[in-house]
Amino acid sequence: METRFLVDPGGLRDLADALTHRYDPTVGEDALHRLSDFLTVRVPGRRDDRGKTVPELVGERRYRDAVQQLWPRLIAYTFDEPAPAEGFGNADRPAGPFAPPSRRRVVPRYFSDRGDLLAVLRGLVDTLFGGAAADAGKPTWCEKTPFNLLCMEFLWELVPEATIVHITRHPVAVLASHLAQPWAPPTVDGALAYLTPIYHRWLTWKGTADLTGRRYVEVKAEDLAADWPAQRRALFERLGVEDFATVGTFQAHRLSNRDNQFDDDTRRSVEAALGEIIPAMGYE
């Protein structure tokens with residue numbers, strides 16, 4: 001599922017920067033607050049399309065223990081700061097009988113060697129995902145947060161042995177599918193405004209990155225759907241994974257369901273707006 005806490009704002013990527021090259025106590029403490037909210041509130045409270053949460057999928061006891069054991073590795077010191085008075089605002093008298101006397105503050109650790117911090121964060125990932133895979137008798141795991149694609153360098157820092165699989169789809173169909181999502185703009189112009197800079201950022205990075213020898217696989221969803229069993233075998237061979245009949249499949253009719261979503265004029269307008277993005281992504 002999309003666990004999101006690796007690369008989304010407030011997740012491990014932000015923390016890795018905040019405790020290394022962006023370090024100061026305020027930046028680090030803010031990053032720890034956001035990660036704490038992510039791991040203890042947002043992740044346990046978010047269910048996937050099967051109705052499952054990340055803790056339920058990896059094991060609730062494993063999840064709680066791994067998160068609890070993370071904090072001492074990231075915090076150098078804790079102290080209580082007197083809470084500002086509410087009410088009268090007089091420093092020499094309490095605002096009332098229920099005013100909090102203080103609030104807990106932390107001093108984050110500074111990692112001069114980024115590799116040391118990444119080892120700590122990698123331990124969390126290995127415990128959660130690797131442990132769940134081992135419980136299921138599987139040799140590997142897959143995590144599919146969409147914007148992993150824009151964070152490949154960090155992901156290879158975090159999990160050097162990872163293979164990143166980029167499954168593309170025709171940009172017009174991608175835009176059409178976004179119109180049906182409650183979290184995306186509901187109009188064509190809005191969806192174009194949302195998607196176009198994402199494509200530009202990806203193509204700019206890819207144009208300057210050297211992926212030679214990197215563990216990166218790019219494949220079209222349309223090709224996978226045209227002959228899933230054969231394409232699956234070929235993909236798994238590239239990944240070094242033994243082939244097996246997966247529960248989930250790529251199906252041609254599910255990819256073609258966006259073909260007639262736009263009338264001819266709208267489609268021509270969308271294709272013109274996407275411009276060079278379409279051929280740059282390998283489509284005509």
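The values are calculated or read from the model by the stated rules, or taken from the named source; none is laboratory data. Given the structure is predicted, the values throughout are model-derived calculations rather than measurements. Quick reminder, even Gly has a Cβ in these numbers, built from the backbone with ideal geometry, and neighbours come from all protein chains shown. Note: accessible area is taken over every heavy atom of the protein model, side chains too, but ligands, DNA and RNA are not part of it. Shrake-Rupley method; radii C 1.70, N 1.55, O 1.52, S 1.80 Å.
Brief remarks on what is shown
Listed here are the residues, each with its yes/no results for (1) within 22 Å of residue 36 (Cβ to Cβ); (2) assigned to a helix (DSSP H, G or I); (3) open to solvent by less than 30 Å² (accessible area, probe 1.4 Å).
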| position | (1), (2), (3) |
| --- | --- |
| 110 | yes, no, no |
| 116 | yes, yes, no |
| 121 | yes, yes, yes |
| 126 | yes, yes, no |
| 138 | no, no, no |
| 142 | no, no, no |
| 147 | yes, yes, no |
| 150 | no, yes, no |
| 167 | no, no, no |
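- Considering 232, 238, the condition of being out of contact with any strand residue (DSSP E or B) (no Cβ under 8 Å at 6 or more places or on another chain) and of a type in the set (Lys, Arg) is satisfied by 232 alone.
- Among residues of the range 80-108 being part of a strand (DSSP E or B) and either closer than 29 Å to residue 1 by Cβ or of a type outside the set (Val, Ile, Thr) (or both), the one that is modelled with the highest pLDDT is 108.
- Enumeration of residues in the range 53-64 that are surrounded by 13 or more Cβ atoms within 10 Å (Cβ to Cβ) and either in contact (Cβ under 8 Å) with a residue 24 or more places away in the chain or of a type in the set (Lys, Arg) (or both): 54, 57, 58, 59, 62, 63, 64
- Listed conditions (1) without any contact (Cβ under 8 Å) to a residue 40 or more places away in the chain; (2) over 23 Å from the mean Cα position of the chain (by Cα); (3) open to solvent by 60 Å² or more (accessible area, probe 1.4 Å) are all met by residue 261, apart from (1).
- Inside the range 1-35, residues that are free of Cβ contacts under 8 Å to residues at least 60 places away in the same chain and in a helix (DSSP H, G or I) make up a count of 8.
- Summed over the range 181-207, residues that are touching a His at 6+ places or on another chain (Cβ under 9 Å), part of a helix (DSSP H, G or I) and open to solvent by 30 Å² or more (accessible area, probe 1.4 Å) total 1.
- Residues of the range 208-221 that are within 24 Å of residue 256 (Cβ to Cβ) and either touching a Gly at 6+ places or on another chain (Cβ under 9 Å) or open to solvent by 40 Å² or more (accessible area, probe 1.4 Å) (or both): 218, 220.
- Residue in the range 222-233 that is surrounded by the most Cβ atoms within 10 Å (Cβ to Cβ), counting only those that are out of contact with any Phe, Trp or Tyr (no Cβ under 8 Å at 6 or more places or on another chain) and of a type in the set (Gly, Ala, Ser): 226
- Residue 231 fulfils the conditions (1) under 25 Å from the mean Cα position of the chain (by Cα); (2) assigned to a helix (DSSP H, G or I); (3) without any contact (Cβ under 8 Å) to a residue 24 or more places away in the chain except for a single criterion, (1).
- For the range 156-177, residues that are touching a helix residue (DSSP H, G or I) at 6+ places or on another chain (Cβ under 8 Å) and closer than 17 Å to residue 133 by Cβ total 5.
- Looking only at the range 39-52, and only at residues there that are open to solvent by 70 Å² or more (accessible area, probe 1.4 Å) and in contact with a Ser or Thr (Cβ under 7 Å, 6 or more places away or on another chain), the one that is nearest to residue 9 (Cα to Cα): 46
- Residues within the range 184-226 that are over 18 Å from residue 169 (Cβ atoms) and either hydrophobic (A, V, I, L, M, F, W, C) or touching a Cys at 6+ places or on another chain (Cβ under 9 Å) (or both), tallied: 4
- A count restricted to the range 152-165 and to residues that are part of a helix (DSSP H, G or I), open to solvent by 60 Å² or more (accessible area, probe 1.4 Å) and over 29 Å from residue 222 (Cβ atoms) stands at 1.
- Considering (1) assigned to a strand (DSSP E or B); (2) surrounded by 12 or more Cβ atoms within 10 Å (Cβ to Cβ), the lone condition that residue 77 does not fulfil carries the number (2).
- Within the range 234-258, if we keep just the residues that are open to solvent by 90 Å² or more (accessible area, probe 1.4 Å) and part of a helix (DSSP H, G or I), the residue that is nearest to residue 161 (Cα to Cα) turns out to be 238.
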